[in-house]
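The values are calculated or read from the model by the stated rules, or taken from the named source; none is laboratory data. On a predicted model such as this, the values are computed, not experimentally measured, just so you know. Glycine also receives a Cβ, built like all others from the backbone with ideal geometry; neighbour counts cover every protein chain displayed.
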Amino acid sequence: MSSLGPVASELQLPERIIIITDTNVKPLYALQIHSGLVHYGFRPDIITIPAGERYKTLEVVREVYDQLNELRCGRDVAIVAVGGGVVGDLAGFVAATYYRGVPFVQAPTTLLAQVDSSVGGKVGVNVPYGKNLIGAFYQPRFVFIDTKTLTTLPKRELRSGMAEVIKYGAILDENFFETIIDTFDTLLSPDVNAFTDIIERCCALKASVVEQDERESGYREILNFGHTVGHALETLTQYSVFTHGEAITYGMMAEAHISVNHCGLPQEDARRLCSLLVRLSPPKIPESIDEEQVFEAMFTDKKVRSGSLRLTLINKIGDATFGETPDEHHIKQSIRKLFTDEKDLCGY
Ligand SMILES: NC(=O)c1ccc[n+]([C@@H]2O[C@H](COP(=O)([O-])OP(=O)(O)OC[C@H]3O[C@@H](n4cnc5c(N)ncnc54)[C@H](O)[C@@H]3O)[C@@H](O)[C@H]2O)c1
Ligand SMILES: [Zn+2]
């Protein structure tokens, strides 16, 4: 992580740098990056936000603006996000809006952030009526990925990131999907080197989508597979039961079932996908929630247009379709399956 200094120097970041990080990542990596930047002649400071999805809010953004002001930062500052997707999304939103935009760098430290959130330029925060509803498209100057940071990542967070990895295979690349199945056990072992190729492949797949449709006017929506049901679960449980990856694990299971009914996904493909997802062992969905509530919560999603749900579904593994409007009955039937026994989740 200390090697961010030479890259920042080579790419001529401004001398004044604010590292935004969270309470967990600060002692692990942000202090190291801070010293590395000092060594290369930069003037860095650190702003620390509390760790966790529930702090990805406008209130915390406001506190960060105030601290930037107290640190006498003007438009000549650069912001470096050091942390997971929460830090990256929030710091990126601050960078996009402080003085109408200052240079921004992503240094993601979770698998999820390395394969997904740090790439593509979506930044933003949650509001009580929905997830990521306030935000911007704001590309980082560069993304600095050091896979060694995964050595300290809790296994639960590693599995959470694996959900997004599986998503890329499911929507874009069947060969990659097979590679994930073949290497699944190695990936969850302590040898983080196994991730290098996987991360590279995911970043390339995501970049290929974003290049074609940066502002999500259509094609980029395929990246939302599993996210309509997933976001509903996250919102309903106030981000306190599931990690993002766990919620979209269930989301992809439900949306695979919908795909079978609505766009002819072969049952064998749905079975292959769901049995891989089950291996991520997401926590059980609380009994206080039922399929009607999940269905209602899906309407807070950004993809809703003129009151109707628009989903990304898959025709087969490696081939997605977006803007689908399955009927209510099929959606609820598929959500209901999430509440059955684990072995039935992939039951075809
Ligand atoms: N912008 C996008 O395109 C995009 C895409 C996908 C997800 N997201 C967002 O990303 C967020 C989820 O990101 P996340 O899963 O990284 O969550 P996170 O940022 O909350 O990180 C998970 C936990 O791991 C800790 N942590 C981070 N790095 C660590 C390390 N190396 N070692 C030990 N602990 C570490 C964090 O402090 C936190 O407690 C969600 O808010 C989601 O909406 C955004
Ligand atoms: Zn996601």
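In this structure, ASP89 does satisfy being crowded, with 20+ Cβ neighbours inside 10 Å and acidic (Asp, Glu). If we scan the stretch 82-93, do we find a residue that is at pLDDT below 95, within 11 Å of ligand 1 (Cβ to nearest atom), touching a helix residue (DSSP H, G or I) at 6+ places or on another chain (Cβ under 8 Å) and farther than 26 Å from SER35 by Cβ? Looking for residues that are at pLDDT below 95, within 11 Å of ligand 1 (Cβ to nearest atom), touching a helix residue (DSSP H, G or I) at 6+ places or on another chain (Cβ under 8 Å) and farther than 26 Å from SER35 by Cβ, one finds none in the stretch 82-93, hence no. In this structure, ILE289 does not qualify as under 24 Å from PRO266 (Cβ atoms) and out of contact with any Lys or Arg (no Cβ under 8 Å at 6 or more places or on another chain).
Residues that are touching a residue at least 60 places away in the same chain (Cβ under 8 Å) and more than 25 Å from GLU234 (Cβ to Cβ) were ranked within the stretch 29-66; the one that is farthest from the chain's Cα centre (by Cα) is ILE33. Within the stretch 100-131, the only residue that satisfies the criterion of being within 13 Å of ligand 2 (Cβ to nearest atom), in contact with a His (Cβ under 8 Å, 6 or more places away or on another chain) and assigned to a strand (DSSP E or B) is LYS131.
I'm checking my understanding of the structure. Among residues of the stretch 120-141 that are at pLDDT 95 or above and of a type in the set (A, V, I, L, M), which one is farthest from ligand 1 (Cβ to nearest atom)? My answer is ILE134. The numbered conditions (1) among the charged types (D, E, K, R); (2) more than 12 Å from ligand 1 (Cβ to nearest atom); (3) without any contact (Cβ under 8 Å) to a residue 60 or more places away in the chain are all true for LYS26 except (2). Residues of the stretch 102-130 that are surrounded by fewer than 24 Cβ atoms within 10 Å (Cβ to Cβ) and out of contact with any strand residue (DSSP E or B) (no Cβ under 9 Å at 6 or more places or on another chain): PRO128, TYR129, GLY130.
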